[in-house]
Amino acid sequence: MDAFGNHPYWQRELSKFASVQDRLREWDYDVMQKIRRYSCMTIKPLTLTPFGVDKSTQMTLDALASWTTSTKACAAAVGKTNFFVVGEVTGGDTFGSLYMYASIALCAH
């Protein structure tokens, strides 16, 4: 399948590209706790102010919001109050727009 472009969702579901088979399985409570913990362990000792996510669409919207909130809280706890989370969205215009809207809403908080 072509790596970029706007493809019908049924084609994306069948391919390795577009996140479906590569999800982080963050809906599992233990997995999400590990993701949060590892992010915080990375932020605390380093002088990071941004945190990049290679493909943010590999997380569900709920998990992305939860992780981003937790990550920014961890950064704020160590004095990094202007912490920035950035991510790549490759999901096409309709699917990708959900993530763009969610990121705008998260930035408002």
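The values are calculated or read from the model by the stated rules, or taken from the named source; none is laboratory data. Remember, it's a predicted structure, so these values are computed and weren't measured experimentally. Here the Cβ is made from the backbone with ideal geometry for all residues, glycine too, and neighbour counts use every protein chain on show. We work out accessible area using only protein heavy atoms, side chains counted, and drop any ligands, DNA or RNA first. Shrake-Rupley method; radii C 1.70, N 1.55, O 1.52, S 1.80 Å.
Take peptides 63-72, 76-85 and line them up by average Cβ neighbours within 10 Å, highest first, as a rough protection proxy.
Working: 63-72: 18.7, 76-85: 12.9.
Output ranking for 63-72, 76-85: 63-72, 76-85.
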Exercise for review: Mind giving me the FRET efficiency for Ala102 and Asn82? R0 is 22 Å, r the Cβ-Cβ distance, nearest 0.05 is fine.
Suggested key: 0.60
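What is the extension gain from Asp28 to Thr94, computed as 0.36 nm multiplied by their sequence separation minus the C-alpha to C-alpha distance, in nm to one decimal? Mind showing how you got there, number by number?
Numbers: separation 66, 0.36 × 66 = 23.76 nm, distance 2.63 nm.
Difference between extended and current length: 21.1 nm.
Want the number for Thr69 to Tyr38: 0.36 nm per residue separation, take away the alpha-carbon distance, what's left?
Numbers: separation 31, 0.36 × 31 = 11.16 nm, distance 1.44 nm.
Full extension of this stretch gives 9.7 nm more.
Going from most exposed to least, what order do Asp93, Asp62 have by accessible area with a 1.4 Å probe?
Ranking Asp93, Asp62 by accessible area, largest first, yields Asp62, Asp93.
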